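First the structure, in the form of structure tokens, and then the observations on it.
The values are calculated or read from the model by the stated rules, or taken from the named source; none is laboratory data. Just so it is clear, the model here is predicted, and its values are computed rather than measured. Cβ coordinates were reconstructed from backbone atoms using ideal geometry, including for glycine residues, and neighbour counts include every protein chain displayed. What goes into the accessible areas is simple: the full protein's heavy atoms, side chains included, and nothing from ligands, DNA or RNA. Shrake-Rupley method; radii C 1.70, N 1.55, O 1.52, S 1.80 Å.
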Amino acid sequence: MISAQTTDPQAESRRKMAESLAKQRESIKKQPGVKVADGFFTLAWDPIAFPPDCDPLKDTESDPLIASAATSQKLDPALLRAVIHQESGFKPCAQSAKGAMGMMQLMPDTASKYKVADPFNAEQNIQAGAQYLKELLDRFKGDLPLALAAYNAGPERVDGTPPAVPDIPETQDYVKQILKALGK
């Protein structure tokens, strides 16, 4: 029997992310001395926005995930490793003040676009980050500095005639550090 009701993939992705955040919030509430407001966005300190530190994944855990994502997107595993190192230091719980999540620091819209159910799941995060990076490399015709700048600052800040790494110190340092890690 075919259901008359269709499932919106983005709504499903948002629902799963909300469930994941709710579970994390409940776990944090159980920690001694931590008080968390019930709203997602609060004026008080919210450990979901600034989660407790977690250990970086070991090479034995991250290497197969990187290799799989690199193979599926036809990317150099060293590139993914350098981006992950720069983005999160291999910490799957990483979350920026701007809302970027996980090892490759996916923004919520990017996570939704690539159908990431749990942005803190290292495998899902790395696969989606690799897909996005490949899309940017294609968009900027293989120009690695431009693709990296777009990954960091957003493609609209790189677009132009001609496209260029934007004059944003954080983005310029980001590109420089990754290229240095790659020996370029």
With every protein chain present, what is the per residue accessible area of region 43-151 (1.4 Å probe, Å²)? 47
Quick check: with the 1.4 Å probe, what order do Glu170, Glu87 take by accessible area, largest first? Glu170, Glu87
In whole Hz, with x marking every Gly and Pro, tabulate ³J(HN,Hα) for region 115-126 from phi via Karplus 6.51 cos²θ - 1.76 cosθ + 1.60, θ = phi - 60°. 6, 7, 6, 9, x, 8, 7, 4, 5, 5, 5, 5
Point-charge dipole on Cβ atoms (K/R +1, D/E -1) for region 55-184, about Cα centre, debye to 20: 180
How high is the relative contact order of region 61-181, in percent, counting Cα pairs under 8 Å that sit 6 or more residues apart? 19
Between Lys176 and Glu61, what length in nm is gained on full extension when 0.36 nm per residue of separation is reduced by their alpha carbon distance? 38.7 nm
